[in-house]
1. Cβ-Cβ distance below 6 Å, separation of 6 or more or different chains: which pairs start in segment A:84-106 with a residue that is free of Cβ contacts under 8 Å to residues at least 24 places away in the same chain and end on one that is of a type outside the set (A, V, I, L, M, F, W, C)?
2. What is the one condition in (1) surrounded by 24 or more Cβ atoms within 10 Å (Cβ to Cβ); (2) within 13 Å of another protein chain (Cβ to nearest Cβ); (3) not β-branched (Val, Ile, Thr) that B:ALA217 does not satisfy?
3. One residue is enough: does segment B:73-86 have a residue meeting the conditions modelled with pLDDT under 90, open to solvent by 20 Å² or more (accessible area, probe 1.4 Å) and in a strand (DSSP E or B)?
4. Please go through (1) of a type outside the set (Ser, Thr, Tyr); (2) within 14 Å of chain B (Cβ to nearest Cβ); (3) assigned to a loop (DSSP other than H, G, I, E, B) for A:ALA184 and return the number of the only condition it doesn't satisfy.
5. Would you confirm whether or not segment B:42-54 contains a residue that is under 21 Å from B:LEU167 (Cβ atoms) and outside any helix (DSSP H, G or I)?
6. Which ones in segment B:149-158 are away from chain A (no Cβ under 11 Å) and open to solvent by 10 Å² or more (accessible area, probe 1.4 Å)?
7. Given the residues C:ARG179, C:ARG206, C:ARG195, which is the only one that is open to solvent by 10 Å² or more (accessible area, probe 1.4 Å), touching a Ser or Thr at 6+ places or on another chain (Cβ under 8 Å) and either outside any helix (DSSP H, G or I) or of a type outside the set (A, V, I, L, M) (or both)?
8. Those residues that are in a helix (DSSP H, G or I), touching a Ser or Thr at 6+ places or on another chain (Cβ under 7 Å) and aliphatic (A, V, I, L, M), I need them from segment C:14-60; list them, please.
Amino acid sequence: MNDQIDAAENGLSLEARDVAVTFTSRGGAVATALDGVDLSVRSGEIVALVGESGSGKTTLARALAGLQPTTGGEVLVDGEPMGRRGRELKALRRRVQMVLQDPAGALNPRHTVYDSVAEGIRLHGLARGADRTEERMVADALSAAGLRPPERLFLRYPHELSGGQRQRVLIAGALALQPQLLIADEPVSSLDASIRGEVLALLLRLRAELGLGVLVVTHDLGLAWNIADRTAVMYLGRIVEAGPTEELLTNPQHPYTKALLSVVPETDRVEPVVLQGEIPDPTRIPGGCRFHPRCPELASGAAAAAGVDVDCRRALLPVLPASGGCACHLVAARQSVPS
Amino acid sequence: MSDLLRIEDLSVTYATQEGPVPAVRGVTLGVDRGEVLGIAGESGCGKSTLASTILRLQPASATVDGRVLMDGEDVVTMRWGDLRTLRWAGASIVFQGALHSLNAVRRVGQQIAEPIRLHEPGVGDAEVDRRVGELLEQVGLPAARAKAYPHQLSGGQRQRVMIAMALACRPDLVIADEPTTALDVMVQAQVLDVLTTLVREAGLGMIFISHDLAVLAEVSDRIAVMYAGRVVEQGPANLVFTDPLHPYAAALGASFPRVGDPAARYAPAGLAGDPPDLRSLPAGCSFAPRCPRAVDACTAAEPVLELKRPTRAAACIRVGES
Amino acid sequence: MAEAPTLTSRQLVRRRRRAAWSRGWAEFRGNRGGLVGLVVLALFVLIAVGAPLLADRSGLEVTQATGGVLEPPSGEFWLGTDDNGRSVLTLLIWGARISLFVGLMATLISMLIGTVVGLTSGYFGGFVGAALFRVTEWFLAIPFLPLAIVLATVLGRSLLNIVIVIGVTSWAGTALLIRSQVLSIKERAYLERSRALGAGHGHLLRRHVLPNVVPLVFANTTLCVAVAILSETTLSFLGLGDPTRVSWGSMLDDAYSVGAITTGSWWFFVPPGVCVVLVVLSFTLVGQALEAVLNPKLRKR
């Protein structure tokens, strides 16, 4: 396990700088999945990327993992732009691994657990030397993912495993490459409630024992509260608020974050702000602040009272820096008022 | 009792190649008009089997013992004609995975109209269209959406179409099986709003099935927690959520933390082990292998669901100890 | 891990694979049609392979014919003679060789072209994929017989040319089948995961796409052979086959041109026809049984 400690000491930092991703459909409509995002993740920290479907969070995760080419901005690995050539991307895979959603579909049903976990090892030719046999590495990866004794699962097929076990096999497959950063897309949303805790505890343990950094993409604010050091909230291709988790979730500034928090089901909470409608089509992003058509502050007149309602409708907000903050005209206006 | 639905000691056993699998084991529940009963449980607890058995939709090879009384009549032994009337006009289901239950090649308006045409064949086209429009508006969608195909709607909108479909024949009871599980939290809030408004205004009875105890606490009047085919705790919704008696109910409630609770910070709570294998249940309490409070006595006999407080029942021998 | 003499994972995998094979074989055995087809096929293959042992090759030479013209079956000539006095039985046995050879070879070519085109067009997509798809559709739309006749006429009458003609005109069906299967697999999540692990196209094709495509191809191939044999028979019957070789099709052609039907010389045209039907039917039965074994959804539960 010495390589792991080395990895933690060397560490890795992944940074998105003004990243934009657009998709052009056959009909010519341009869908803007990401419209300028700054985000940084490094080894040893857990960042939660929170948003609803259509927010662009999965696209951002894939862009950071090198699976999605960007149409604007750049992704920096340890300060250097991410190489897009085959060889460079393959080398990146050893440092940044992505665990996909849907554990049931992400494992080839014809491959045994052993084959699935060994796939990465074989692809990169990592099993070299008498004390680094492929079998040893697979067993280690499965153990690190909490599946003990690992040998018992070698010959099982995915359909013979429970949902929680499948998720751990996926994580083991990623760990087998001994990465420095893990990107997990909705790691627990398809699992039963009581299994959730174990998988999340595993992510925390990986951070503590192996020094891994983790970027978790989720729609579940409770998950962010459970394990994340920092949280970023996305809406329609932009990060609207980001910062340390405790601060952000106990004292949210952005109207969208406030609304999201207010509807998380629990018995003692603030008055729920149920937003009308749904996230707009990414081919027709509203002008000005993209949240303004659904913003309760604009609808209630609070924005007008502060004199920013024209800005809300017309003025595009700057991209939030990686250090965090809140992208909202009203919040900015209130902060600039001398106390 | 004037219960709308009364399930008495219901047991459903599937016949499989590996032998009989008891999906539901001796469940007794009741729901009244204007009341929401929440059933909490995870995969394998028997909740979906329970839901389909209420309308006698369980597989033909399954054996059913016990009674399911809808307005006093036993569904299990009902005549076919009465059963057909019951299905959708007496009680309807919003199925799990509703997003995939819509026919992709038919407009949603036609699909909502289908049960109306089946149950009330005399109704004219114009009247059917009007009612479909009304139903869509009841669930918060514009009536014009009836012309859309499922793929043109978002997940939340499709779920609402499923609810509209379930209401098409003005049933007395609606069974919602994990209706918000795959939805975003904001859309979930909208759908929950729709459902609670319906219960209030139309006086429906509702059974709401979910594995998220917090959602159930918001929506239900009473909650029954199921594990391995049996009810392990039952009581008023907010009490079961905030002060659970049964260790499983406690674990389930703790799985989704309260945002802002410092105790949940870096401390995800959950259960070890896997859901029970119904083909080989352990002796005694089926939850004992995973229970943080299990003792030797737990493996002796399956605990009986009995009243531990005036309005609350739990099936655990360790409730009531200090 | 314990040093006890437990099997290595490789050996365990092999054992598991062997178990899967025997399960598949047991499944196949349960399909009566498939078994019958297999037995009949084996019989024909044995006959074709063992032709020199069963009938003297000189029996094919017109100049060495010893029988009379269109003699009915007798003790000496079990199936009678043809219009040149040759034993029909000898012709039948040696004809089996040609028919089966052409059928198998043509299928091989058609399968190769079809698999490559189907894989490329389905997996790579883009301009090349779309262009290949258009070509596939084009070949599907053109009626087989006119195209085959034209090609055969242009290339000339030889065994190799017949194989080429059939191969070149029948690959499109296989290509379409493979392409649609590849398209559906391409979107599966486990391919994306493999890419995330660092896999390139070669690995994806080899480890994930092909194993899912090959069983389908296998089942489809047996059916293709049946069609190829029928095609060869048709082309030979039309007089486009190799004039120096005897096949069941050429026997039918000869029988037709000497008016065997009107003279009632059934022994000349019935046996080759029956043989073609039997072989084609057997291949079809085996193909269907294979499909049932390899596609679990078709299995009777």
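1. Sorted first by the residue in segment A:84-106, then by its partner, the pairs are A:LEU89/A:GLY66.
2. Failed condition: (1).
3. yes
4. Going through the list (1) of a type outside the set (Ser, Thr, Tyr); (2) within 14 Å of chain B (Cβ to nearest Cβ); (3) assigned to a loop (DSSP other than H, G, I, E, B), A:ALA184 breaks only (3).
5. No, segment B:42-54 contains no residue that is under 21 Å from B:LEU167 (Cβ atoms) and outside any helix (DSSP H, G or I).
6. Selection gives B:TYR149, B:HIS151, B:GLN152, B:ARG158.
7. Numbers: C:ARG206 fails: touching a Ser or Thr at 6+ places or on another chain (Cβ under 8 Å); C:ARG195 fails: touching a Ser or Thr at 6+ places or on another chain (Cβ under 8 Å).
The conditions single out C:ARG179.
8. So the first thing to find is which residues in segment C:14-60 are in a helix (DSSP H, G or I), and the list is C:14-30, C:32-49, C:51-54, C:57-60.
Then keep just the ones that are touching a Ser or Thr at 6+ places or on another chain (Cβ under 7 Å); that gives C:37, C:40-41, C:59-60.
Across segment C:14-60, the qualifying residues are C:VAL40, C:LEU41, C:LEU60.
The values are calculated or read from the model by the stated rules, or taken from the named source; none is laboratory data. Nothing here was measured: the structure is a model prediction, and the numbers come from that model. As a convention, Cβ positions derive from the backbone with ideal geometry for all residues, glycine included, and neighbour counts pool all protein chains shown. Calculation scope for accessible area: heavy atoms of the full protein, side chains included, ligands and nucleic acids excluded. Shrake-Rupley method; radii C 1.70, N 1.55, O 1.52, S 1.80 Å.
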